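Below: the structure, in structure tokens.
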Amino acid sequence: MPGLPVIVPDMVRHEVIADLSKPGALLVADWIRANNPHRLTVAPTEVFEEFMLLKSINPATKTKNRGEPAAAEVLATVLEGQDFGAVLVFEDSAVRKTNFLLRLPDAVVVASTSEFLFGLQSRGVIASAQAILDRAVDVRGNELLVRYVVGSQDTEHLQDWPQALRTP
């Protein structure tokens, strides 16, 4: 909606849609198919190439923790020698606590999905960030919000998640 180009690292695409039975995976796959290459680009990465090679040797190879280095690789490649920056939007989680952010170029603004959506709402680009987040809960389920937003397995706090996501 903000009219920015969207670049999805191939490793991230694979992590999200490899198992189409996961909540939301089919919707993402359909969205990528409908918008590639007009509104988004799936960027190739060495991270994904390495993963596929390892998977060919050992089919039990997991994708865990490969999306972040793939995103850093894409951002470094896209921004090299450019006079513009990028916004890295990630799922509401504890990604800010990892050393992943140390590898990002200086011209990258990091925002969680909810921060990005509330930012768009505050600028009048979308009507309701909360409506989009509520729809995400319908698709992905409350478990993600308990784990990532509340930060615990305590479902008692689940009712407070919309307030926890709002920007001050």
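The values are calculated or read from the model by the stated rules, or taken from the named source; none is laboratory data. From a predicted model like this one, the values you see are computed outputs, not experimental measurements. Backbone-built Cβ (ideal geometry, glycine too); neighbour counts: all protein chains shown. In case anyone asks, the SASA skips ligands and DNA or RNA and just uses the protein heavy atoms, side chains included. Shrake-Rupley method; radii C 1.70, N 1.55, O 1.52, S 1.80 Å.
Summary table below
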read-out	value
Cα-projected label distance for VAL87 with THR61, points at 7 Å along beta-carbon direction, nm	3.4
For ALA43, distant residues with modelled amide H under 5 Å away	VAL8, ASP10
Percent carbon-and-sulfur accessible area, the stretch 12-73, ignoring ligands, DNA and RNA, probe 1.4 Å	59
Cα centroid of the stretch 110-125 to Cα centroid of the stretch 25-80, whole Å	24
Gain upon complete extension [ASP134, LEU20; 0.36 nm per residue less C-alpha separation]	38.9 nm
Gain in span if fully extended, ASN35 to VAL125, counting 0.36 nm per residue against the direct Cα distance	30.4 nm
